[in-house]
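I have placed the structure first, in the form of structure tokens, so that the comments after it can refer back to it.
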Amino acid sequence: MEQARRISSPGEDPIVPEDRVITVALAGQPNAGKSTVFNVLTGLDQHVGNWPGKTVEKREGICRLNEKDLRIIDLPGTYALSAACAEERVARDFILRERPDVVVVIVDATALQRSLYLVAELLWLPAPVVLGLNMMDVAERHGVRIEPDVLQAALGIPVVPMVARRNQGIRELMSAVQDVVRGVRPCVPRRPAIRQDHRRELESLCRVLTGQVPAPYADEWVALKLLEGDEEITALAGEWLSSERWQAIETILAQHEDGVVAIASGRYEWIGRMVRAALVRPGAGQVTVTEKLDRVATHPVLGLLVLLGLLGSLFWVTYAIGTPLQRWLDASVVHAGAHQVRAALVGRPAWVTGVLVGGVIGGAGTALTLLPILVIFFAAFGVLEDTGYMTRGAYVVDRFMHPIGLHGKSFLPLCLGFGCNVPAVFGARTIGDGPQRLLTVLLAPLVPCSARMAVIIVLAPVFFPDHPAVVVWGLVTLNLAVLALMGRALRRFALGGKHLPFIMELPLYHVPHAGSIARSVWHRTLAFIRNAGIVILAGAVIVWTLSTLPAGRIESSYLAALGRTMAPAGALLGLDWRMMTALLSSFVAKENTIATLGVLYDVTGGDRTLDESIKGTLTPAAGLAMMVVQMLFIPCLATVAAMRAELRAWRWIVVEIVLLLVASFALGALVYRVALVLGLGA
Amino acid sequence: MGEHGGVKRLTDLPAGGRGVVRCLKGGKDFVARMAAFGFTTGTEVAVGQNYGHGPLIVSVRDTRVALGRGEAHKVMVEESVDGTGPENQQPG
């Protein structure tokens, strides 16, 4: 899309002279402060989505500078540019294929050596690089002094010192970018070479590749990636080359299995040369604040207590502030609105009122009343990420998460699921790594949320007046067991079962920055309204239309008809069409189950309570089966909308719904049969 | 940098122990991933936390890194006995 604009250089094309939009790609390792730079540059003018066909977040924005618009693309935070994970492939493919005018790489001054590793890789790609040396203040506090000018001279590319969190150096960074684009500032990088003992092999690889590598790839880069054992490039080279040439390549590679080590060592040798003069470091032996805090935060016992304490306070804040706000919105906005609309529609057919009030206002109300809780969770996540605590929490619970095929980073999002599955799905965004995030999103609906708990807490005493607590506990345990099993199964069969090494940086602790947290809360909330709001609204209208048409009564509605067609499946579990209809209605919101049962059992008409009516028609065995199905049934509409907003693809959501439908009914049937054997059939 | 105490697995170094990476026993993906975090042969590492189970915390090239036990098991290090490594901060 940008191709056309870029090719037309000034002078050749009179229509788009000088005015073409300059594209700047922002690269950097995680925790280097890249997002802060992006937010400062683009303000509120940004678009958040996913990279095409990937579960990797794509952020794009416009930065206005000296009357000119710059298009800023935030590449995923990556430590290197291998093919090992989706983020790194996305980052390098963008630079290779879209050819940004400049790549700005944000480097953490407190970890210069490791941060330059990514720079070592970037310099081989076909775009000029400008280096933003971020967190200079933190580095100084830690006694690390860096001379940006010396580093600039060594690297051969512009180096701009900055403190992005305090908005220092960003203007200078962007003027360096403009200077490079205009060609007034030289950008002649000194690239890292492979370790001495492998230079000959690299040269022979390049000779075989000469003339065979199509644009946008370069011979030497391809040769390096082949030596590294890069899967993607190896496969591509296999397609490009004739079989004789490919054989020659394979022979060279077979003799040099350790190419990857030689390349990495070469990069660090280069880094050593770059920083030797520029880095003035103090004597060792200093115990930092981060280390002191980590003695508690990463301790196997104390660390768990800290994590649970934080989680507890998060839930407390949600219930103390979020829930009352939610109720207030529900009463004063949603119900008042519904009342107004109902009053205005007097005399119209019942289905019109039903669809408008139940569907449109109900759906919009669901989205609206979710907002307070989401804002609280987004803010809490922002603080935990910004301070650097998130990785510590992940570290402490990591060993408990492995049995279900997950890493520690999935713990916090999944825990949020006990409150509501929607923030759990959005929380998975903090995980970063693609398959982990996908798996966490898919497992989130299996965490028993408060709405489902409310339903079984009402139903359990109806069927088991003597031991309701045991039944509720059993159901929750069953639910979590299914979660664990499904995690293992999905990991193994659907996500390739590839074991990603658990290596995670523990960044230095920071005082959280209110501005950047507020910005991220704003963007995430906006994204929720834009992406999930519409799906919730549409879903609510559809279900409400089905439940009121044709006669305006749920018992004779299309939804009930659907419930009746599902009755044979229900019969396996001892459930009739009313239970099936109640389950279907729970798709809009889980707590609907009780309300629908109330209508279908005609509680208001007769003189019996819901308890008595249900107990009269269902055996305890069937009741138990009903509760099992209710707990494991398809995710609610808001959760589906959140999943759709996060995954950007219906494929996995369809897989998920089918899996849960099958699992819930199969387990329900199993529990029913076992319960019958145990004599709960009467 | 003083005398050395033989090559062992990173998991065998106690908290506070130091060593120099001698080799990474894993496939290319593993080596590349570890290299991106600073683990290459010849690099000095310092173990910040190792409880004998669960993941480790290791300082490498100015960075604190959490490393899964399985991953740390594949890192062979030469233990530095005197513990006067120049680069890494001494954890408590």
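The values are calculated or read from the model by the stated rules, or taken from the named source; none is laboratory data. Given the structure is predicted, the values throughout are model-derived calculations rather than measurements. Heads up, the Cβs are rebuilt from the backbone with ideal geometry, glycines too, and the neighbour counts pull from every protein chain shown.
Worth a mention:
Rundown of residues vs (1) charged (D, E, K, R); (2) more than 7 Å from every other protein chain (Cβ to nearest Cβ), yes/no style:
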| site | (1), (2) |
| --- | --- |
| B:GLY17 | no, yes |
| B:ALA32 | no, no |
| B:ALA36 | no, no |
| B:THR41 | no, no |
| B:ASP62 | yes, no |
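- Residues being at the interface with chain B (Cβ under 10 Å from one of its Cβ atoms) and among the charged types (D, E, K, R) - total across the range A:98-145: 3
- Residue match in the range A:241-248 (condition: closer than 30 Å to B:ARG18 by Cβ and crowded, with 17+ Cβ neighbours inside 10 Å): no
- Residue check for A:LEU526: surrounded by fewer than 20 Cβ atoms within 10 Å (Cβ to Cβ), assigned to a helix (DSSP H, G or I), modelled with pLDDT of 80 or more and not basic (Lys, Arg): yes
- Filtering A:ARG207, A:ARG185, A:ARG295 for residues that are among the basic types (Lys, Arg) and under 30 Å from A:PRO158 (Cα atoms) leaves a single hit, A:ARG185.
- Candidates A:THR391, A:THR353, A:THR387, A:THR366, filtered to the one that is in contact (Cβ under 8 Å) with a residue 60 or more places away in the chain, surrounded by fewer than 22 Cβ atoms within 10 Å (Cβ to Cβ) and polar (S, T, N, Q): A:THR387
- Residues that are among the small types (Gly, Ala, Ser) and assigned to a loop (DSSP other than H, G, I, E, B) within the range A:576-598 comprise A:SER586, A:ALA589, listed in sequence order.
- Given (1) at pLDDT 85 or above; (2) assigned to a helix (DSSP H, G or I); (3) of a type outside the set (Ser, Thr, Tyr), number of the condition A:PRO635 does not satisfy: (2)
- Filter result for the condition that a residue is touching an Asp or Glu at 6+ places or on another chain (Cβ under 9 Å) and either in a helix (DSSP H, G or I) or more than 27 Å from A:VAL655 (Cα to Cα) (or both), over A:THR440, A:THR430: A:THR430
- The number of residues in the range A:276-303 that are surrounded by 14 or more Cβ atoms within 10 Å (Cβ to Cβ), more than 10 Å from chain B (Cβ to nearest Cβ) and at pLDDT below 90 comes to 1.
- The helices (runs of 4 or more DSSP H) located wholly in the range A:155-267 that include 1 or more residues which are farther than 30 Å from A:ARG145 by Cα and within 14 Å of chain B (Cβ to nearest Cβ) occupy A:219-228, A:231-240, A:243-255.
- The sole residue among A:LEU325, A:LEU308 that is touching a residue at least 12 places away in the same chain (Cβ under 8 Å) and either within 14 Å of chain B (Cβ to nearest Cβ) or within 35 Å of the chain's Cα centre (by Cα) (or both) is A:LEU325.
- Lone qualifier among A:VAL640, A:VAL654, A:VAL658 - being at pLDDT 85 or above, surrounded by 20 or more Cβ atoms within 10 Å (Cβ to Cβ) and in a helix (DSSP H, G or I): A:VAL640
- Among the strands (runs of 3 or more DSSP E) confined to the range A:1-95, the ones with at least 3 residues that are at pLDDT 80 or above and within 24 Å of A:LEU506 (Cα to Cα) are located at A:22-28.
- Scanning the range B:43-57 for residues that are more than 7 Å from chain A (Cβ to nearest Cβ) and either of a type in the set (A, V, I, L, M, F, W, C) or in contact with a Leu (Cβ under 7 Å, 6 or more places away or on another chain) (or both), we see that the one that is surrounded by the fewest Cβ atoms within 10 Å (Cβ to Cβ) is B:ASN50.
- Screening the range B:6-39 for residues that are among the β-branched types (Val, Ile, Thr) and closer than 17 Å to B:ARG61 by Cα and picking the one that is surrounded by the fewest Cβ atoms within 10 Å (Cβ to Cβ) gives B:VAL20.
- If only residues of the range A:468-479 that are surrounded by 15 or more Cβ atoms within 10 Å (Cβ to Cβ) and free of Cβ contacts under 8 Å to residues at least 24 places away in the same chain are counted, the one that is farthest from the chain's Cα centre (by Cα) is A:PRO468.
- Some residue of the range A:225-238 being more than 23 Å from A:TYR117 (Cα to Cα) and surrounded by 22 or more Cβ atoms within 10 Å (Cβ to Cβ): yes
- Among the criteria (1) assigned to a helix (DSSP H, G or I); (2) closer than 18 Å to A:PHE38 by Cβ; (3) of a type in the set (Ser, Thr, Tyr), the one A:TYR117 does not fulfil is (2).
- Among the residues making up the range B:64-81, those that are in contact (Cβ under 8 Å) with a residue 24 or more places away in the chain and within 10 Å of chain A (Cβ to nearest Cβ) are B:VAL65, B:LEU67, B:ARG69, B:GLU71, B:ALA72, B:LYS74.
- Residue check, A:PRO512 surrounded by fewer than 22 Cβ atoms within 10 Å (Cβ to Cβ), modelled with pLDDT of 80 or more, not in a helix (DSSP H, G or I) and not hydroxyl-bearing (Ser, Thr, Tyr): yes
- Members of the range A:339-350 found to be of a type outside the set (A, V, I, L, M, F, W, C) and surrounded by fewer than 14 Cβ atoms within 10 Å (Cβ to Cβ), listed by number: A:HIS339, A:GLN340, A:GLY347, A:ARG348, A:PRO349
- Filter pass, A:VAL333 being touching a residue at least 24 places away in the same chain (Cβ under 8 Å), surrounded by fewer than 17 Cβ atoms within 10 Å (Cβ to Cβ), more than 10 Å from every other protein chain (Cβ to nearest Cβ) and out of contact with any helix residue (DSSP H, G or I) (no Cβ under 7 Å at 6 or more places or on another chain): no
- Pairs where the first residue, in the range A:572-591, is closer than 19 Å to A:VAL422 by Cα and the second is acidic (Asp, Glu) and crowded, with 22+ Cβ neighbours inside 10 Å, C-beta under 7 Å, 6+ apart: none
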